[in-house]
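Only one structure is covered here, and it is reproduced in the block below.
Each reported figure results from applying straightforward, stated rules to the coordinates on display, with no laboratory input. Everything numeric in this text was worked out from a predicted model, so none of it was measured. Here the Cβ positions follow ideal geometry from the backbone for every residue, glycine too, while neighbour counts run over all protein chains shown.
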Amino acid sequence: MHIAVIAGDGIGRDVTAEAVKVLAAVAAASGRPIAFEHLPWSADHYLQTGETLPANGYDLLRSFDAVFVGALGDPRVPDNRHARDILLGTRFELDLYVNYRPVRLLDDRLCPLKDRGRTDVDFTVFRENTEGVYVGVGGRFKAGTPDEVAIQEEINTYKGVHRIIRHAFEHAKTRGLTKVCMADKSNAMQQGHALWQRVFREVAADYPGISATHQYIDALAMFLIKDPGQYEVIVTNNLFGDIITDIGGALQGGLGMAASGNIHPGRTSLFEPVHGSAPPLAGKDVANPMGAILSAALMLDTLGRGEEAAAIERAVEAAVAAGQTTTDIGGSLGTRAVGDWIAERVRRGY
């Protein structure tokens, strides 16, 4: 297995080092090697070279089994063009249409909701990852003047909507789940989201054993706080998925616990923790590496190495239960010590 590693900016470098450490530990324990190639693409690289990624960058990424990214974003690059080209560019160029974000609470005490626990917070969000308002269609007229006009278009295609909704139902079917909820804003966005409504009904008809429900996105955001236990699989568009998965991250103990994958089934895909680069915290040994480590587990599972993925997940869960965590979730360890503890647990418990 050959993995490209882009540690990126800020705490991305810190948490990626721990994820790679844990991957190396599980590879040694299982006897199934993992080769890493570290790519320098980052704000530092851009500022030094003027290059966000090389001309053959996307083709290079396609040559790997998967891509692992830490976090991208740096105030020294005000428009974050390097992050846009590396992250959003890879999503679009490699057609990574599935944004896969499992939301699973590992310990009751991490949930910020009163009287809610692990059985209430265990669902998956599938976010359409290549369309919507993030495609960059639009422009600004008379920019910087009192008459400025800014237009940002949302793009929805039958192909894009159909394949993400189909993927959500297939995920539910293969895992024995019985509920898929689609969220849109079709009462206000009556053209693009009418397409979501039509395709959802069409695809749902192929899965009679699965309860297919619809909620407007504002209602779903409210119910994620009031009653998250009602959800098993949620599917929605690019923007809404970006927002509600941060709610999901909070429900599972904070963004430091949240993992994600950007996937095209059967092709090279990209995995990353949900959190940002937090430049002021970089190098201070305080960032929570668990989201990155769980993203590494998600990568292994997607690549067919489920036993190793499960070993990592068990080790992370054990660390949380034992209080061997960073301060954001109640522990007293630094980033590196958490990675060491989980890696050792993987070696002993595989």
request  = For residue 307, put the label point 7 Å out on the Cα→Cβ axis and report which residues of the stretch 332-350 keep their amide N under 18 Å from it.
outcome  = 346-350
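Only counting other Cβ atoms within 10 Å, I'd like 16, 268, 335 sorted with the fewest neighbours first. Walk me through the numbers before you get to the answer.
On the way: 16 26, 268 18, 335 23.
With the sparsest Cβ surroundings first, the list reads 268, 335, 16.
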message = Looking at the chain as a GNM with Cα springs under 10 Å, which of 115, 340, 246 has the largest mean-square fluctuation?
response = 115
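Starting with the fewest neighbours, write out 165, 247, 234 ranked by other beta-carbon atoms found within 10 Å of each beta-carbon. Before the final figure, lay out each step's value.
Working: 165 24, 247 15, 234 27.
Listing 165, 247, 234 from fewest to most nearby Cβ atoms yields 247, 165, 234.
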request  = Past 26 Å, Cα to Cα, is the threshold; run 114/179; 159/179; 159/185; 21/284; 21/173; 179/226 against it and keep the listed order.
outcome  = 21/173
ask   = Out of 3, 332, 298, whose Cα points farthest toward the positive end of the dipole of the chain (charges: +1 Lys, Arg; -1 Asp, Glu; placed on Cβ)?
value = 298
query = What percent does the relative contact order of the stretch 108-236 come to when contacts are Cα pairs within less than 8 Å and at least six residues apart?
reply = 34
message = Quick check on the stretch 19-91: what are the equivalent-ellipsoid semi-axes from the Cα gyration tensor, as sqrt(5λ), descending, whole Å?
response = 27, 14, 10
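What longest region of the chain stays clear of GluC sites (Glu not before Pro) that DSSP places outside H, G, I, E and B and that have at most 16 other Cβ atoms within 10 Å? Mind showing how you got there, number by number?
On the way: sites that count: 51, 148, 153.
Answer - 154-350.
Report the net charge of residues surrounding residue 341, where surrounding means a beta-carbon distance below 15 angstrom and charges are Lys +1, Arg +1, Asp -1, Glu -1.
Around residue 341, the charge tally is 0.
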query = Given the stretch 120-206 reduced to its alpha-carbon atoms as identical point scatterers, what log10 I(q)/I(0) does the Debye formula return at q = 0.23 Å⁻¹?
reply = -1.16
Dipole in debye (nearest 20) - the chain, about Cα centre, beta carbon charges: Lys, Arg +1; Asp, Glu -1 = 560
note = Between the residues 20, 151, 283, the Cα farthest towards the positive end of the dipole of the chain, that dipole coming from +1 and -1 charges on the beta-carbon of Lys, Arg, Asp and Glu, is from 20
request  = Quick one: among 206, 285, 14, which has the greatest mean-square fluctuation in a GNM of the chain with alpha-carbon springs under 10 angstrom?
outcome  = 206
message = Let me see the P(r) profile for the stretch 1-145: every Cα-Cα distance counted, bins of 10 Å, each bin given as a percent of all pairs.
response = 10, 28, 34, 21, 7, 1, 0
message = Please report the equivalent ellipsoid semi-axes of the chain, computed as sqrt(5 x eigenvalue) of the Cα gyration tensor, largest first, in whole Å.
response = 30, 26, 20
ask   = Per the Kirkwood treatment, what hydrodynamic radius in Å, one decimal, follows for the stretch 89-146 from the mean inverse distance over all distinct Cα pairs?
value = 15.0
query = Rg and Dmax of the stretch 76-174, Cα atoms, in Å?
reply = 18.9, 54
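With n ≥ 4 as the cut-off for DSSP H runs, can you work out [θ] at 222 nm for the chain, using -39500 (n - 2.57) per run divided by the number of residues, rounded to the nearest 500? Please report the intermediate quantities before stating the final value.
Details: 11 runs with 137 residues, N = 350.
Dividing the helical sum by the residues of the chain leaves -12500 deg cm²/dmol.
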message = Rounded to the nearest 20 debye, what is the charge dipole size of the stretch 164-236 about its Cα centre when +1 sits on each Lys and Arg Cβ and -1 on each Asp and Glu Cβ?
response = 60
Shape category assigned to the stretch 237-350 from the gyration tensor of Cα positions, a/c cut at 1.5 = oblate
ask   = Can you sort 97, 134, 158 so the residue with the fewest Cβ neighbours within 10 Å comes first?
value = 158, 134, 97
inquiry  = What's the longest uninterrupted piece of the chain once you rule out the trypsin sites (Lys or Arg not before Pro) that are loop residues per DSSP with at most 16 other Cβ within 10 Å?
reply    = 176-266
Rounded if a/c under 1.5, otherwise prolate or oblate - the stretch 182-230, Cα gyration tensor axes = oblate
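So if R0 is 56 Å, what FRET efficiency would residue 149 and residue 285 give, r being the distance between their Cβ atoms, rounded to the nearest 0.05?
Numbers: r = 47 Å, r/R0 = 0.84.
For residue 149 and residue 285, the calculated efficiency is 0.75.
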key: Mean separation of Cα contacts under 8 Å (6+ apart) over length of the chain, as relative contact order %   = 24
message = Defining a contact as two alpha carbons under 8 Å apart and six or more residues distant in sequence, what relative contact order in percent does the stretch 236-340 show?
response = 22
task = When a/c is below 1.5 the answer is rounded, else prolate if a/b is larger than b/c, else oblate, so apply that to the stretch 158-295 with a ≥ b ≥ c taken from the square roots of the Cα gyration tensor eigenvalues.
result = prolate
